[in-house]
Amino acid sequence: MVTNAELESQFKAISQDYEGTKKTLDQLLEKVESMDEKLNSVDSKLKELRTMPKPIIGEAHDANKSALKST
């Protein structure tokens with residue numbers, strides 16, 4: 001037969017495990033949400049880059065040469 005004290009001890013251990021698990025899950029959720037925000041930011045920047053006009057290779061090369069000469 002299980003005593004009342006043993007049941008209370010088991011309940012306390014289970015409660016502590018639950019609280020520890022809940023805390024860990026909350027921390028993981030915060031990290032996932034933070035990563036999701038960063039991914040959304042990166043995705044937005046990529047979309048902006050896709051809509052930017054592409055430079056003509058010759059013009060970009062000339063601009064780089066001019067920049068190098070001025071240094």
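Points to keep in mind about this one:
- Sites Asp17 and Asp43, calculated FRET efficiency, Cβ-Cβ separation with R0 35 Å, nearest 0.05: 0.40
- The stretch 5-53: C-alpha pair distances exceeding 17 Å, %: 60 percent
- Nitroxide proxy distance, nm - points 7 Å out along Cα→Cβ at Ser66 and Ser34: 4.4 nm
The numbers here are math on the coordinates, done by the rules we state, and not lab data. Note that this is a predicted model, so its numbers are computed, not measured. Every residue, glycine as well, gets a Cβ built from its backbone with ideal geometry; the counts of neighbours run over all protein chains shown.
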